2 protein chains.
Amino acid sequence: MKSPVALTILKIGGNVLADADQLHQTLALFTRLAGPAILVHGGGRRADELLAALGHKAQMVNGRRLTDAPTLEVVTMVYAGLLNKQLVALLQAQGCNALGVSGADGNLLRAHQRPVQDIDYGFAGDIDAVNVPAFQALLGARFAPVCCAITHDGAGQLLNTNADTIAASIATALAPHYAVALWYCFEKPGVLLDINDDQSVIPVLDPARYAELKSQGVIHSGMLPKLDNAFATLQQGVQEVQLGNLASLTRQKATRIIFSID
Amino acid sequence: MKSPVALTILKIGGNVLADADQLHQTLALFTRLAGPAILVHGGGRRADELLAALGHKAQMVNGRRLTDAPTLEVVTMVYAGLLNKQLVALLQAQGCNALGVSGADGNLLRAHQRPVQDIDYGFAGDIDAVNVPAFQALLGARFAPVCCAITHDGAGQLLNTNADTIAASIATALAPHYAVALWYCFEKPGVLLDINDDQSVIPVLDPARYAELKSQGVIHSGMLPKLDNAFATLQQGVQEVQLGNLASLTRQKATRIIFSID
């Protein structure tokens with residue numbers, strides 16, 4: 001059996017987008033990645049700024065945005081318009097054949113509006129389907145897709161979807177076709193043994209070690225959903241997940257999440 | 001020799017985008033077009049509204065926008081973000097495999113910033129190159145590109161570019177590879193003998209008849225650059241240009257611009 005082509009999916013967070021120098025270097029890292037690659041980006045800070053300038057207020061519940069109709073317009077403008085096209089133009093300038101997309105484009109990511117239970121999240125979308133042939137067509141034509149955090153429901157409605165979730169969904173959907181590495185670039189150099197010590201990066205985590213550190217209370221709060229998601233993507237065939245920042249990912253000093261250490 | 005595949009390029013103006021019902025029907029027309037097709041859209045009105053809401057003022061000279069840095073951010077958000085993604089989502093809902101792009105995406109349209117002569121147009125871009133293989137790759141993968149009026153300079157700078165010009169540039173660049181029909185959907189049913197009588201559509205115009213009507217003063221002012229451009233695209237291999245509105249284009253009652261009537 002032919003070994004599958006390596007595919008790296010790099011998710012970059014708001015802090016990377018906010019710093020021009022860091023952004024430039026992060027895009028250089030993406031451009032240097034061997035083989036096909038997909039960039040996924042958020043952009044919440046810029047959306048908050050535009051909301052404020054327009055006299056709206058960003059409403060968050062449990063770290064998730066309440067997306068009313070004016071907020072959906074703003075995030076569509078900021079994520080799919082301003083940030084996505086700036087990223088694409090900067091990547092093209094570095095020689096990376098970037099092509100910016102939302103989940104509506106080519107029906108790449110179909111979602112449904114989150115049903116109202118305790119909280120009405122508005123136009124927030126939970127992903128139903130990743131269009132694998134469409135991603136393959138873009139990658140096969142040597143485009144590097146740059147995905148913003150906007151999806152659609154297939155009936156004409158755009159939806160706001162968490163960028164971490166988009167990256168994980170694409171990774172698992174493409175795992176049967178590529179050797180997928182999923183990299184999360186965030187503000188910390190990795191998963192830390194001591195949240196206040198950036199030198200305390202855990203180099204490798206497998207499920208056994210994760211369970212151990214969780215039971216000891218070393219890993220807690222905000223890192224838990226990120227890592228639960230990371231292990232879930234491994235169970236669905238993703239080969240490797242890395243969590244770190246620009247410096248640690250570049251020097252291969254980020255935390256590697258793998259299925260088994262041996 | 002094999003006859004080339006037909007390709008329709010439909011340019012829609014701001015008035016189409018402003019009316020939900022007319023937009024729906026125009027997108028239905030686009031979806032029904034046989035063979036590969038490309039949609040090109042403007043969106044100046046929505047950009048003006050957002051500029052106003054942010055306390056900027058749209059500045060126009062000779063019908064062209066002065067694009068300072070804040071204006072470039074706004075048009076990028078409105079054209080490439082809000083309108084482009086709404087159009088794509090609506091087309092996808094109708095079964096058209098739309099994929100929204102700016103000129104930066106896949107380096108589809110490279111431009112240079114217009115040099116300052118009498119007027120500094122700011123970040124206005126004049127097109128240098130249409131990336132024919134990239135358009136062929138998208139069309140070959142059965143995507144229907146939806147192009148907004150944003151280009152890039154290849155060095156990381158986004159630029160604001162006239163949508164009519166984008167449509168004409170794509171049409172002429174693809175003319176050696178497809179039998180290109182270029183349709184301009186605007187507010188009038190066609191080129192009129194009497195500007196106040198929508199029944200006075202000129203069915204067919206060739207260069208001889210155009211010269212005659214121009215010399216008689218029947219065709220004047222705003223229509224002249226549109227028609228000069230239309231004839232220029234024919235000279236560069238485009239097979240047919242049509243100018244009309246939704247109703248006239250649908251019923252084949254728009255003005256057809258052709259190279260020769262016989």
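Every read-out reported here was derived from the displayed coordinates using simple, explicitly stated rules and does not represent laboratory data. For clarity, every value in this text was computed on a predicted model and none was experimentally measured. In this analysis, Cβ positions are derived from the backbone assuming ideal geometry, glycine residues included, and neighbour counts consider all displayed protein chains.
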Specify which residue in the list A:VAL40, A:LEU213, A:PRO70 is farthest towards the positive end of the charge dipole of chain A, using unit charges on the beta carbon of Lys, Arg (+1) and Asp, Glu (-1), about the Cα centre. A:VAL40
Note, the range B:105-112: 3J(HN,Hα) by Karplus (6.51, -1.76, 1.60, θ = phi - 60°), whole Hz, Gly/Pro = x, goes 5, x, 6, 5, 9, 9, 9, 10
Hey, rough spin-label estimate for A:GLU212 and A:VAL132, points 7 angstrom out along Cα→Cβ, what's it come to in nanometres? 3.5 nm
Debye, to nearest 20: dipole size of the range B:17-101, +1 on Lys, Arg Cβ, -1 on Asp, Glu Cβ: 140 debye
Check B:ALA6: other-chain or 5+ apart residues with amide H under 5 Å from its amide H, H built from backbone geometry? B:ALA179
Under the rule of at least 5 residues apart or a separate chain, name every residue whose amide H is placed under 5 Å from the amide H of A:LEU205. A:ARG256, A:ILE257, A:ILE258
What FRET efficiency do you get for A:MET60 and A:LEU224 if R0 is 22 Å and r is their Cβ-Cβ distance, rounded to the nearest 0.05? 0.75
Diffing the range B:231-247: the Karplus 3J(HN,Hα) column from phi (6.51, -1.76, 1.60, θ = phi - 60°), in whole Hz with x for Gly and Pro, holds 5, 5, 5, 4, 5, 9, x, 5, 7, 7, 10, 10, 10, x, 10, 3, 5
Please give the charge dipole size of chain B, origin at the Cα centre, charges +1 on K and R Cβ atoms and -1 on D and E Cβ atoms. Round to the nearest 20 debye. 580 debye
Which order results if B:TYR79, A:TYR210, B:TYR121 are arranged by neighbouring Cβ count within 10 Å, fewest first? A:TYR210, B:TYR121, B:TYR79
Computed on alpha carbon atoms, what radius of gyration and Dmax characterise the protein assembly as shown, expressed in Å? 24.6, 90
Output needed for the range A:167-262: three equivalent-ellipsoid semi-axes, defined as square roots of 5 times the C-alpha gyration tensor eigenvalues, in descending order, whole Å. 21, 15, 11
Highest GNM mean-square fluctuation among B:HIS220, B:HIS152, B:HIS112, for chain B with Cα springs under 10 Å, belongs to B:HIS220
Would you kindly calculate the mean projected area, averaged across all directions, of the convex hull enclosing the Cα atoms of the range A:123-181, in square nanometres? 4.3 nm²
Measure out, as a whole number of angstrom, how far apart the alpha-carbon centroids of the range B:158-177 and the range B:43-99 sit. 18 Å
For B:LEU66, distant residues with modelled amide H under 5 Å away: B:GLN59, B:MET60, B:VAL61
Under the helix-only model (-39500 (n - 2.57) for each DSSP H run of 4 or more, divided by the residues of chain A), the mean residue ellipticity at 222 nm, to 500 deg cm²/dmol, is -10000 deg cm²/dmol
Cut-off 10 angstrom, C-alpha nodes, Gaussian network model of chain B. Which of B:GLY42, B:GLY244, B:GLY106 fluctuates the most? B:GLY106
Taking a 30 Å limit on the Cα-Cα distance, which of the listed pairs A:LYS85/A:LYS188; A:LYS57/A:LYS85; B:LYS57/B:LYS214; B:LYS57/B:LYS85; B:LYS226/B:LYS253 fall beyond it? B:LYS57/B:LYS214
Which of B:ALA232, B:ALA163, B:ALA93 ends up with the largest GNM mean-square fluctuation for chain B, with Cα atoms connected below 10 Å? B:ALA93
nm² value of the averaged projected area, convex hull over the Cα atoms of chain A: 14.8 nm²
J(HN,Hα) series, the range A:195-202, from Karplus relation 6.51 cos²θ - 1.76 cosθ + 1.60, nearest Hz, glycine and proline x: 4, 9, 10, 5, 7, 9, 4, 7
